[in-house]
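What follows is one structure encoded as structure tokens, with my remarks underneath.
The values are calculated or read from the model by the stated rules, or taken from the named source; none is laboratory data. A quick note: this is a predicted structure, and the numbers were derived from the prediction, not measured. Because the Cβ atoms are built from the backbone with ideal geometry, glycine has one as well, and the counts that use them run over all protein chains shown. Just so you know, the surface numbers come from the protein's heavy atoms only, side chains and all, with ligands and any DNA or RNA stripped out. Shrake-Rupley method; radii C 1.70, N 1.55, O 1.52, S 1.80 Å.
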Amino acid sequence: MRLNGKTALITGAASGLGKEIAQRYAAEGAKVCIADMNIEAGRIVADEIGVAGGVAMAVEMNVTDEEAVNAGVAATVDAFGTVDILVSNAGNQHIAPLTDLEFADWKRLLAIHLDGAFLTTKACMRQMKAAGNGGSILLMGSAHSKVASALKAPYVTAKHGLLGLARVVAIEGAAYGVRSNVICPGFVRTPLVEKQIPEQASTLGITEEQVISDVMLKDTVDGEFTTLEDIGDTAIFLAAFPSNALTGQSVVVSHGWYVE
């Protein structure tokens with residue numbers, strides 16, 4: 001029960017990585033707020049956590065809307081008393097060559113990843129500072145926070161930007177015990193990645209099997225996808241770390257797809 005007594009707000013937690021982290025945090029003793037645009041799916045996850053013996057609630061949250069973010073954080077504090085952990089996980093993807101990329105799609109991707117991380121971080125840091133108990137802010141980056149791939153200009157740009165945000169938060173948050181780190185997964189078979197496989201196959205003119213073997217997993221050490229469990233383990237470790245010794249850092253979990 002490494003997170004016993006803690007409250008965690010996780011964005012994009014109705015599915016994929018966010019859902020895995022929410023379930024794992026609850027199993028470690030945390031009270032969890034499922035923040036997602038799909039409130040019905042969020043409530044299902046919260047109910048599942050409750051059936052498993054955990055404590056969870058769901059709030060509807062568009063992370064690009066400051067009022068919605070502030071309302072969701074306030075509802076979490078009203079229900080659970082505080083926010084000790086933020087996992088800014090909400091994200092999306094758009095596959096297109098740079099020369100064909102619509103400006104609206106560029107802005108939409110950056111808003112979800114960067115504006116969303118900023119707005120949720122700002123709201124939760126205010127609560128952490130007021131409570132005086134410190135806290136942990138985890139931003140969901142990617143191996144693409146470190147490297148680039150074709151067809152993913154806004155995603156790569158946004159994920160690189162999260163490193164800078166986390167470093168600033170680490171410096172500004174140190175005075176009141178708030179740590180900030182970035183989790184950088186490789187390819188995980190979430191709905192987001194499953195959607196990319198046929199998109200990249202069509203754009204690159206190769207088979208879906210080739211996308212997996214020759215694009216996604218080509219540079220891993222073992223030809224394996226990163227798993228939900230891999231990311232859940234990392235998220236628990238970072239959230240439970242006891243001091244400012246580990247802050248402002250990025251942890252790449254990619255089966256060697258990217259090696260620092």
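Ignoring ligands, DNA and RNA, what percent of the accessible area of region 118-260 is carbon or sulfur (1.4 Å)? Roughly 55 percent, rounded to a whole number.
The stretch between Tyr176 and Ala131, if pulled fully straight at 0.36 nm per residue, gains 15.2 nm over its current Cα-Cα span. A cut-off under 15 angstrom between Cβ atoms defines the neighbours of Leu17, and their net charge, with Lys, Arg +1 and Asp, Glu -1, is -1. Residues of the chain: accessible area per residue at 1.4 Å, in Å²? Per-residue value: 43 Å². For Ser213 and Phe241, a Förster radius of 41 Å and the Cβ-Cβ distance give a FRET efficiency of 0.70, rounded to the nearest 0.05. Based on alpha-carbon centroids, what's the gap between region 186-217 and region 68-125 in Å, whole number please? Using only Cα atoms, the two centres lie 25 Å from each other. Highest mean packing first, where packing is the average number of other Cβ atoms within 10 Å per residue, the peptides 234-240, 43-49 line up as 234-240, 43-49.
At a 1.4 Å probe radius, carbon and sulfur cover how many percent of the accessible area of region 1-67? Carbon and sulfur atoms account for 46 percent of the accessible area of region 1-67. With each label modelled as a point 7 angstrom along the Cα→C-beta vector, the Leu192-Met1 pair spans 3.2 nm.
Once the chain from Asp222 to Asp78 is taken as fully extended at 0.36 nm per residue, the excess over their C-alpha distance is 47.2 nm. If you take every DSSP beta bridge whose two residues both sit in the chain, what share of them, in percent to the nearest 5, is antiparallel? The antiparallel fraction comes to roughly 0 percent. Computed from backbone phi, the HN-Hα couplings of region 182-196 come to 10, 8, 10, x, x, 6, 10, 7, 8, x, 5, 6, 4, 5, 5 Hz, rounded to whole numbers (Karplus: 6.51 cos²θ - 1.76 cosθ + 1.60, θ = phi - 60°; Gly and Pro given as x).
Phi angles across region 230-235 convert, under the Karplus curve 6.51 cos²θ - 1.76 cosθ + 1.60 with θ = phi - 60°, into 3J(HN,Hα) values of 4, 6, x, 4, 5, 5 Hz, Gly and Pro given as x. Of the residues Val259, Val253, ranked by 1.4 Å probe accessible area with the largest first, the sequence reads Val259, Val253. Ser145 sits among other residues whose Cβ lies under 13 Å from its own Cβ, and their net charge, with Lys and Arg +1 and Asp and Glu -1, is +3.
What is the Cα radius of gyration of region 198-260 over 2.2 N^0.38 Å, N being its residue count? Intermediate values should be presented prior to the final figure.
Working: Rg = 15.7 Å, N = 63, 2.2 N^0.38 = 10.6 Å.
Against the compact-globule rule of thumb, the ratio is 1.48.
With the whole protein complex present, His113 retains an accessible surface near 10 Å², based on a 1.4 Å probe.
Each residue of region 160-177 was assigned a 3J(HN,Hα) from its phi angle through the Karplus expression (A = 6.51, B = -1.76, C = 1.60, θ = phi - 60°), giving 5, x, 4, 4, x, 4, 4, 5, 5, 4, 4, 6, 6, x, 4, 4, 10, x Hz with x at Gly and Pro.
For a quick check: with amide H placed at 1.01 Å from N, whose amide H comes under 5 Å from Val253's, ignoring anything fewer than 5 positions away on the same chain? Those qualifying (amide H under 5 Å, at least 5 residues apart or on another chain) are Cys184, Gly186.
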